[in-house]
Each structure stands twice: as C-alpha cells, then as structure tokens.
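Heads up, the thing below is written out as structure tokens.
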Amino acid sequence: MLDLKIDHPVFTLDNKVILPAGASLSESMEAVMQDLGGGPLEAYAMLKHGTVLDDLLHLLTEPPYSVIFGHRKETVDLLKFMESIHIITPVLESLDYFRERDFYTYRHILMVFSLSTLLAHELVRDYGELIREAATGPMHDFGKICVPLEVLKKSEPLTRRERSLLEHHSLAGYVLLCYYLGDKQSLSGRVARDHHERKDGSGYPRGINLDDLMVEIVAASDIYDALISPRPYRPTPYENRAALEEITAMAERGELGWAVIQVLVAFNRKDKPYYKDCEVSTERRGTPPSDNIYGRIKQDERE
Ligand SMILES: [Fe+2]
Ligand SMILES: [Fe+2]
C-alpha cells in the first residue's frame, strides 16, 4: 500500500482542495473516495469534444507521426476505436484548460493517447478493454492541473521547489482520479501515478520497479513524444533518430522493456515490419539538441 505524503495541495479545476499539502495518502484516500466528486460522473467521447478530432488529425500529419501513422487503413481503424473512448467531464474540461493555456501539454496529451493506443494494439491482447477502462493517454497527465502554468511553461532550469511541483502531477493525478472514480485501483489512476516509474526503480514518485505493461506503454509514449517535441526547456526537439536512440538507451539501462522500443522502431519504418522481427540498433549516430536543459537544477541551488 502507498504510504506517501503529498508535498503540495491537490485541487480540482474549480479550485476545490481535495488534499492539503502534507496529507498522508494511506490515511486520506478512504475519505477522498467517499467524497466521490459529487457522485458518478458523466463521460463523453473524447474525439467529439470541442476541436479535439480536428486537432488530432492535424497533428498526425506532422513528422514523425505522419510516418508512424502512415498506414491509412490501420490508422482509420485506430481512430474509429479512439472515437469510442469516453472520458469523464473533469478530464475533458482539463483538455479545454490546456488547449487554451498551455498548448504543448494539450498536444502532448493527444499524441500520448494516439501512440499508447497504437502500442497497446500491438502488445496487449485485450487492449481494447484495457484502453477503454483506462483511457490512459488522456488521463495520464491530468494531475498537471495542480502544477502552476508558469512551472509547466518555464524555459529556464527549474528550482528544486519547481521540480517538486512538477513531479507532484503524478500523485495529484492519482488522487484526483480516485476522487472522481471512487476507485483507488483503477487502471487510469495507476497510470497517472506510475507513468514516471521505471523498470529498474529509477523513476518517481515511489521508485518502484515498474512491471505493468499498460503503464509501461504510456511511459514509453510519454518519453518519446517529449523527446521529439519542442519543449519550453529545450526549444529544439530531438531528431527522430536521436530520440529513438535515446529511448533505446533507456532499454539498455533496464529502465524500459525492449518490446515497447521494438514497436516504436517498427512503426517508424516505412515498411512496418512485425515488431518481433524488428532488430533495434544500439549504435548511436544521432545528435541530441545542444540546448537541452531538462533535469538541470538552477545553478545557485545545486549542492
Ligand atoms: Fe507525466
Ligand atoms: Fe506526459
């Protein structure tokens, strides 16, 4: 069972505090779930919400997604499946919030949704049921509504406090989903909580050895999308080759499993080999961008 303290408050989009800073998760979760966010919530098709479908179709035309989703028939089937995914209202409202105030996060949520659906389709036998239950992509960064926008969008190295606020999003998302779903075991809640964990225990918030394939699929999609996108802290994105090499190196270090990497590499090839037949090169030929300050702590705060 979790025995973690919440370092920062968890609150809803309309500023209702669900847990104050310092609350112990194991002691507070029963009360959080009994509150149930005002009762069972309505859920609506995510792709029919606002401009989501148009935005998604546009984003899928940009490289490298244009190659990854370049198989027309499969992509049409995948989109049909994604159209059947329903999301609870507070998460849909968070999409509106990010679209207006932090477009990068909005875009990232749509792409992680698409990519994790594609990966799960290849790797998980009952993926349909699991994705429907989890709606993993759209929910994974829900907790970012509890992170100040100036931290999400900051282009200089973060201070320690800012980094802790940013990392707060995983537990905050878990608490919010427990609150809205009334269930502390839900797959979407676990994905929100654990998508920054790694197989070798080097992640956060708990440093556990990640061993849930659905969570790992979201983790890999999350990392890949972050690498190939311009970020506030790294205006130049990784070239696709360097991004694939970076994520391959994570498998070499034991942070991620090889299967998720093989699927990513296979879908980046025009001929789309079956992922198990796809050999992943561990040779490093790409050049990471030079202006990357990810993970750097502000100078005067280093020990
Ligand atoms: Fe995240
Ligand atoms: Fe993310």
For I18, residues with placed amide H under 5 Å, excluding near neighbours: V10, F11, T12
Would you calculate the volume per residue, in Å³, of the smallest convex hull containing every Cα atom of the chain? 133
Spatially proximal lysines relative to K144 (Cα-Cα < 17 Å; intrachain offsets below 8 disregarded): K16, K153, K154
What value, in deg cm²/dmol to 500, does the helix sum -39500 (n - 2.57) over DSSP H runs of n ≥ 4 give at 222 nm once divided by the residues of the chain? -15500 deg cm²/dmol
In order over the range 115-122: 3J(HN,Hα) from phi, Karplus 6.51/-1.76/1.60, θ = phi - 60°, whole Hz, x for each Gly or Pro, gives 5, 5, 5, 4, 5, 5, 4, 7
Go through the range 227-241 residue by residue and turn each phi into a ³J(HN,Hα) via Karplus (6.51, -1.76, 1.60, θ = phi - 60°); whole Hz please, and just put x for glycine and proline. 5, 8, 10, x, 10, x, 8, 7, x, 8, x, 5, 5, 4, 4
Around L59, under 13 Å between beta carbons, what's the net of Lys plus Arg minus Asp minus Glu among the other residues? -2
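Quick note: the coordinates plus some simple rules give every number you see, no bench work behind them. Since we're looking at a predicted model, the values are computed, not measured. Because the Cβ atoms are built from the backbone with ideal geometry, glycine has one as well, and the counts that use them run over all protein chains shown.
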